[in-house]
Amino acid sequence: MKVVKMFYDQEGDILEVRFAAGKEGKRTGIGLNEDVTLFCDCDYSEIQGLTILAYSKLVALPPQSLSELEEAPCEVKEKVRKLLQGERLQPFLSLENDGLRLHDVRVTQLASA
């Protein structure tokens, strides 16, 4: 069973999701846009976490651009897009028309994930 830890700061409207602890110095973060950062291993092959700023506002909006990811090297973009389409992130987000749609996460949904 894979453990997912979620932390929500209501005052700051920040959702943090942790999938794996990651080894010290062995992870990297890549901005998807100004509000969403994905954390993974340095090879971009394993998701370790996700941080979303202004979470409650973003879930109500249409898909947001991947403006920061688009500035990354092609190889990194391809690997990150593959991670974004993986099963692990499906409860939290999806790619739609080259945009990022955030999902309204409910604890009951995560229990079955």
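The values are calculated or read from the model by the stated rules, or taken from the named source; none is laboratory data. Quick caveat: nothing in here was measured; it's all calculated off a predicted structure. Every residue, glycine among them, receives a Cβ derived from its backbone with ideal geometry; neighbour counts consider all protein chains shown.
Taking LEU53 as the residue in question, decide whether it is crowded, with 16+ Cβ neighbours inside 10 Å and not hydroxyl-bearing (Ser, Thr, Tyr).
yes
Give the residue, chosen from ILE14, ILE52, ILE47, that is touching a Cys at 6+ places or on another chain (Cβ under 8 Å) and among the hydrophobic types (A, V, I, L, M, F, W, C).
That would be ILE47, the only listed residue that is touching a Cys at 6+ places or on another chain (Cβ under 8 Å) and among the hydrophobic types (A, V, I, L, M, F, W, C).
Here's the yes/no breakdown for (1) in contact (Cβ under 8 Å) with a residue 24 or more places away in the chain; (2) closer than 27 Å to LYS2 by Cα; (3) surrounded by fewer than 19 Cβ atoms within 10 Å (Cβ to Cβ); (4) of a type in the set (S, T, N, Q):
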{"position": "THR37", "(1), (2), (3), (4)": "no, yes, yes, yes"}
{"position": "CYS40", "(1), (2), (3), (4)": "yes, yes, no, no"}
{"position": "GLU46", "(1), (2), (3), (4)": "yes, yes, yes, no"}
{"position": "GLU87", "(1), (2), (3), (4)": "no, yes, yes, no"}
{"position": "ASP98", "(1), (2), (3), (4)": "yes, no, yes, no"}
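Could you grab the pairs with beta carbons closer than 9 Å, sequence gap of 6+ or different chains, first residue in segment 67-84 and in contact (Cβ under 8 Å) with a residue 40 or more places away in the chain, second one surrounded by fewer than 12 Cβ atoms within 10 Å (Cβ to Cβ) and not β-branched (Val, Ile, Thr)?
LEU83/SER45
Please state which one of PRO63, PRO91, PRO73 is of a type outside the set (Val, Ile, Thr) and under 18 Å from VAL4 (Cα atoms).
PRO91
Counting only residues that are at pLDDT 90 or above and either outside any strand (DSSP E or B) or among the β-branched types (Val, Ile, Thr) (or both), which one in segment 22-35 is surrounded by the most Cβ atoms within 10 Å (Cβ to Cβ)?
Filtering first and then ranking leaves LEU32.
When you check PHE19 against the structure, is it within 21 Å of PRO91 (Cα to Cα), modelled with pLDDT under 90 and within 11 Å of the chain's Cα centre (by Cα), yes or no?
Taking the combined requirement at face value, the residue satisfies it.
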